[in-house]
Each structure stands twice: as C-alpha cells, then as structure tokens.
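Everything on this sheet refers to the single structure shown next.
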Amino acid sequence: MGRVVLGLVLGLVLSTIGLFWWQGRAQVEENAPPPPEAAEPTPEPTDLPLTDPGDMEGPTPPEASELTREQRRFFRYDRNRDLRITRNEMLSTRSDAFRKLDVDGNNLLTFEEWAVTTANRFDGADADGDRELTQAEFRTTFRPSSSSTSRRSNCRC
C-alpha cells in the first residue's frame, strides 16, 4: 500500500515539475532581426572611375525578370534575403496584426477580444444598419497591403 501511495505522489510531483518546465520554455516572439550590415562600405562618388558606357565592350546585361507570385510571397517573409525563412521571420509578419487584436496586451488572444474586433469591423461596414452586408458594403472591409499600394503608386511605366 505504501508503494502505491509513494508512486502516486512521485508521479504527481514529476508531472508538476514537467508542467512548469514546459511553460517556462515559452518565449515571446520578437520581430524579425534587421538585415545584416554591408561588409564593405560603399565608395564615395569621387572614388569611382569615370568611364563612358559607349566605350564598354562585352555582353549586354540580362533583363530584369518579373518575380512570380510565389517568389513575391516568399520574399515578403524572408526579411534578410538569405533565401531561408526563420521562425521569427514567419511570425513577425503576423505580430502587428496580433497586437492590434490583443487589447489587454497579455500576449493571449481570447475569443472575446477577437469577437469584439470582428463585430466592430462588421458594424463599421454595415452602412445601412440592417445587420447584413451587401457586396458593396463587404468591399469596404478590404484593406490592401501597404507594399502593393506603394508599388502601384510609385510605378510610372
């Protein structure tokens, strides 16, 4: 009988220690690290050699190709352009949106926080107040990403 009680107590103690250890390893994700600094400083304009492009010989440089949709999506996450996406880089794109939803700032998103934000967004889009969104009202909920709008506005081709 004593062995059974001792086994149960030790099992409870070990599971409690394991639970605290598991919770203690959780860390708050940080934004992606900044890109690495350039190894060589950029030369001053006075240090550059002067040449006439008309005198140059050799093959013409290749034309810049348009990135595919998947490549653009990949590079949105790959902040330091090392052709690898780290966990921090993947999560950093979502952290700003998460912080907007996390009203109390405890890094836990409750259903109530999500529901209030969603309900407020719905109420803002429901112009006539009939508790239903028409296609025109639903269109107002679209928020274009800043990268796509700036790319379109800056291009004058």
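Pull out all pairs, ordered by first then second residue, where Cβ-Cβ is under 9 Å, the residues are six or more apart or on different chains, the first lies in segment 78-96 and is within 18 Å of Leu108 (Cα to Cα) and open to solvent by less than 40 Å² (accessible area, probe 1.4 Å), and the second is outside any helix (DSSP H, G or I) and at pLDDT 80 or above.
Ser92/Arg79
Among the residues of segment 130-151 satisfying the criterion of being under 26 Å from Arg76 (Cα atoms) and surrounded by fewer than 10 Cβ atoms within 10 Å (Cβ to Cβ), which is modelled with the lowest pLDDT?
Ranking the qualifying residues of segment 130-151, first place goes to Ser146.
Inspect segment 107-119 for any residue being part of a loop (DSSP other than H, G, I, E, B) and in contact (Cβ under 8 Å) with a residue 12 or more places away in the chain and give the result as yes or no. Break it down into steps so the answer makes sense when it comes.
Residues of segment 107-119 part of a loop (DSSP other than H, G, I, E, B): 107-110.
Next, from what is left, pick out any that are in contact (Cβ under 8 Å) with a residue 12 or more places away in the chain: 107.
Yes, segment 107-119 contains a residue that is part of a loop (DSSP other than H, G, I, E, B) and in contact (Cβ under 8 Å) with a residue 12 or more places away in the chain.
One line per residue, one yes/no per condition, for (1) open to solvent by 80 Å² or more (accessible area, probe 1.4 Å); (2) out of contact with any helix residue (DSSP H, G or I) (no Cβ under 9 Å at 6 or more places or on another chain); (3) modelled with pLDDT under 70:
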site: Arg3; (1), (2), (3): yes, yes, no
site: Leu14; (1), (2), (3): yes, yes, no
site: Trp21; (1), (2), (3): yes, yes, no
site: Pro33; (1), (2), (3): no, no, yes
site: Glu37; (1), (2), (3): yes, yes, yes
site: Thr46; (1), (2), (3): yes, yes, yes
site: Glu70; (1), (2), (3): yes, yes, no
site: Arg76; (1), (2), (3): yes, no, no
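The values are calculated or read from the model by the stated rules, or taken from the named source; none is laboratory data. Note that this is a predicted model, so its numbers are computed, not measured. Virtual Cβ from ideal backbone geometry, glycine too; neighbours counted across all protein chains shown. Quick note on the areas: whole protein, heavy atoms, side chains included, nothing else; ligands and nucleic acids left out. Shrake-Rupley method; radii C 1.70, N 1.55, O 1.52, S 1.80 Å.
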